[in-house]
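Below: one structure, written as structure tokens.
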Amino acid sequence: MTKPIEVKQDAPIVINRTATKSYALQESAIVKWSLITISLLFLALFLILPLITIFVTALEKGWDTYVASITHPDALAAIKLTLTVVLIVVPLNTIFGVAAAWVITKFNFKGKNLLITLIDLPFAVSPVIAGLIFILLFGAQGLFGDWLFANDIKIVFALPGILLATIFVTFPFVARELIPLMQMQGVTEEEASISLGASGFKTFWLVTLPNIKWGLLYGIILCNARTIGEFGAVSVVSGHIRGLTNTMPLHIEILYNEYQFTAAFAVASLMSILAIITIIIKNIIEWKAKEV
Amino acid sequence: MSIQVQNVSKRFGSFQALSDISIDIESGELIALLGPSGSGKTTLLRILAGLEGLDEGAILFDGENITGVSPKERKIGFVFQHYALFRHMTVFDNVAYGLKVRPRKERPSKAEIAKKVNELLSLVKLDNLADRYPSQLSGGQRQRVALARALAVEPKVLLLDEPFGALDAKVRKELRRWLRKLHNEFHVTSIFVTHDQEEALDVANRIIVMNNGKIEQIGTPDEVYENPKSPFVYDFLGNVNLFRGRLHNGKLTQGQFEIDVPTYLDSHEEAVGYVRPHDIHIEKVQTSNDTVAATIVHIHLLGPVVQIELKRDDIDEYLEAEVTKEHFNQLGIKKGDIVYIRPKQLKVFIPEDFSI
Ligand SMILES: Nc1ncnc2c1ncn2[C@@H]1O[C@H](COP(=O)(O)OP(=O)(O)O)[C@@H](O)[C@H]1O
Ligand SMILES: [Mg+2]
């Protein structure tokens, strides 16, 4: 009796479903156009209109007032502080994000799921609570308050506090972007590199990094945008000291509360420009990443 | 380089992937690691390369224990199952990689690297594709890039995981021949994984048959094919007919068959005779009474060989026989004919010898 032996071949599974237009999902023209109209109206109402309002209000009293508002020492100090925070927080979170994504996707270890959960924590926690945590730790009445006071170290109501709060709020962005990407890519290219005699550092630099660069840039852009715009957590720890601990969003709030609408909207328009630039860069990256 | 694998065991959690594997490989051998999917072939190869750790045992290269040595230091060329080419590098850069990443002191000059890479690319017949990216290559071309990349570092051992697995039949044959030629030229100790017995028999000078994380048999293709040590090996290497019967006074009886098996004179128990299709003798007119009648159910013409499916008349069982085209024409048989058959050669295993 002959018995053919069945051998399963480990062939790569290729999923190829690029088509977004499905014949089966074709709707009548009326449905299609009303859906498109609703989306566009919604966007116009909640996005375009406010954006226009910002620029119109900012320029209401003329170009000179606009320039004066954004070159006011307090405004300049806020811009400078925000840029300082960006320059420190974004690189730190980039390093953290890459390192976290690396260990999560390339190694197996105990507590991996806990780490993934922890990375998501800032998304789950309100930024105000994030700020409060740092007050409770480093504030005058906080856990380390006495020790910090005794050693003359200022964290809360100073730059370090703002940095800590911002880092906390923005650290998931890079890691979250990289983890699925690196999971999909697996470890075989890294293994190939090592077996060809490359060191771990060279492998990262020459193989891993080029493979994740677009995802990484995307994560950095998102992290950057959030760092510039973060309000809640920073508001709690900053102390709102004019010219010292006010970032751009905080400065806008103060101006607004003082009924200086033109000045508030002038600074807001700067942030809006940053946001628009971010979106453009983001789209370029997405387009580039698709090309590869 | 010679390789010794000494009592190697490997677990993944509670799953025993390899148990007590021992192999001696001499320098310059071309070894096939043959076994069904999941038998631990890749795991063993990865342990040899240092990409996977082991739980027990040791690996020796040229008599030196390298069990704890990192893959980076092992001077091994590894060809991955799905090639693992660097997707963002051109073919040229892929092949040059192993030379480029050497520490400054050992690194050849740019010109030397280029010369070497071009040599290898012409060896694998890819000279004109040096500037392509992996995604722009066919499977066979990728496989050759992977090979050139592994050879660039002048490895002392070449490990290939299912090197022809994902390719179509024609390209497979071509690459297979080519691998043997390459091995004849370079004499680098090579181990390749396959689940295709034909590939193993055709290319290797020795075959290691694995099943369930254990070694079933090690031997030359001839030894393994002609003298399988276990039913599993018999089954795995080519088609086989089973004769389930009883041993009695040195004979295996099954239906009307009484086949002499002198090695089992004193055994009186259930046994299974294994007979290859080409070891079934067929005659149109009964010439001796040790044959039994069978009806031809189907005839496959496969070029130079003819496969004949038979149904025995004494018991309700099917058989497969294989004869040469020439012999088939001499016999002058056709579907529906009654013929007389007997096994020319048979190997008996008593079920206690093995677990089913
Ligand atoms: N990293 C791993 N973790 C858990 N199980 C594994 C791992 N690698 C392999 N295995 C298991 O070990 C067995 C042998 O795998 P493998 O060596 O890949 O087999 P083969 O290459 O012969 O098909 C399989 O059952 C597989 O599921
Ligand atoms: Mg395998």
- Task: Just one of (1) under 21 Å from the mean Cα position of the chain (by Cα); (2) within 8 Å of another protein chain (Cβ to nearest Cβ) trips up B:Leu51, so point out which.
- Result: (1)
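Where in region B:135-245 are there helices (runs of 4 or more DSSP H), lying wholly inside it, with at least 1 residues that are more than 18 Å from the chain's Cα centre (by Cα) and within 11 Å of chain A (Cβ to nearest Cβ)? Outline the logic, then answer.
Details: elements: B:139-152, B:169-186, B:197-203, B:221-226, B:231-236.
Passing ranges, in order: B:139-152.
For residues that are more than 11 Å from chain A (Cβ to nearest Cβ), open to solvent by 20 Å² or more (accessible area, probe 1.4 Å) and without any contact (Cβ under 8 Å) to a residue 40 or more places away in the chain, scanning just region B:54-70, find the one that is farthest from ligand 1 (Cβ to nearest atom). Break it down stepwise before answering.
Residues of region B:54-70 that are more than 11 Å from chain A (Cβ to nearest Cβ), as a first pass: B:54-69.
Retained after the next criterion (residues that are open to solvent by 20 Å² or more (accessible area, probe 1.4 Å)): B:54-57, B:60, B:62-65, B:67-69.
Now narrow it down to the ones that are without any contact (Cβ under 8 Å) to a residue 40 or more places away in the chain: B:64-65, B:67-69.
On the way: B:Glu64: 25, B:Asn65: 23, B:Thr67: 18, B:Gly68: 19, B:Val69: 20 Å.
Residue satisfying both the conditions and the ranking: B:Glu64.
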- Query: Mind checking which pairs have a first residue in region B:318-330 that is more than 16 Å from B:Gln345 (Cβ to Cβ) and a second that is surrounded by fewer than 20 Cβ atoms within 10 Å (Cβ to Cβ), Cβ under 6 Å, 6 or more apart or different chains?
  - Reply: B:Tyr318/A:Met1; B:Tyr318/B:Lys311; B:Lys325/B:Pro304
- Residue check, B:Ala166 within 16 Å of ligand 1 (Cβ to nearest atom) and open to solvent by 40 Å² or more (accessible area, probe 1.4 Å): yes
- Which listed residue, of A:Thr203, A:Thr227, A:Thr208, is open to solvent by less than 20 Å² (accessible area, probe 1.4 Å), among the polar types (S, T, N, Q), in contact with a Ser or Thr (Cβ under 7 Å, 6 or more places away or on another chain) and touching a residue at least 24 places away in the same chain (Cβ under 8 Å): A:Thr227
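Looking for whichever is open to solvent by less than 50 Å² (accessible area, probe 1.4 Å), in contact with a helix residue (DSSP H, G or I) (Cβ under 8 Å, 6 or more places away or on another chain) and within 8 Å of chain A (Cβ to nearest Cβ) here; the options are B:Val101, B:Val91, B:Val79, B:Val95. Which one fits?
Within the list B:Val101, B:Val91, B:Val79, B:Val95, the selection yields B:Val101.
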- Message: Looking only at region B:24-53, count every residue that is more than 10 Å from ligand 1 (Cβ to nearest atom) and either of a type in the set (Ser, Thr, Tyr) or over 27 Å from B:Leu237 (Cβ atoms) (or both) and tell me the total.
- Response: 4
- Item | Qualifying residue in region B:194-207 (condition: open to solvent by 50 Å² or more (accessible area, probe 1.4 Å), within 16 Å of ligand 1 (Cβ to nearest atom) and modelled with pLDDT of 90 or more) | no
- Considering region B:304-344, residues that are of a type in the set (Asp, Glu) and exposed (fewer than 13 other Cβ atoms within 10 Å of the Cβ), and then whichever is nearest to B:Lys251 (Cα to Cα), we arrive at B:Asp314
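The values are calculated or read from the model by the stated rules, or taken from the named source; none is laboratory data. Note that the structure is a prediction, hence the values are computed from the model and not measured. A quick note on method: Cβ atoms are made from the backbone with ideal geometry, for glycine too, and the neighbour counts reach across all protein chains shown. Just so you know, the surface numbers come from the protein's heavy atoms only, side chains and all, with ligands and any DNA or RNA stripped out. Shrake-Rupley method; radii C 1.70, N 1.55, O 1.52, S 1.80 Å.
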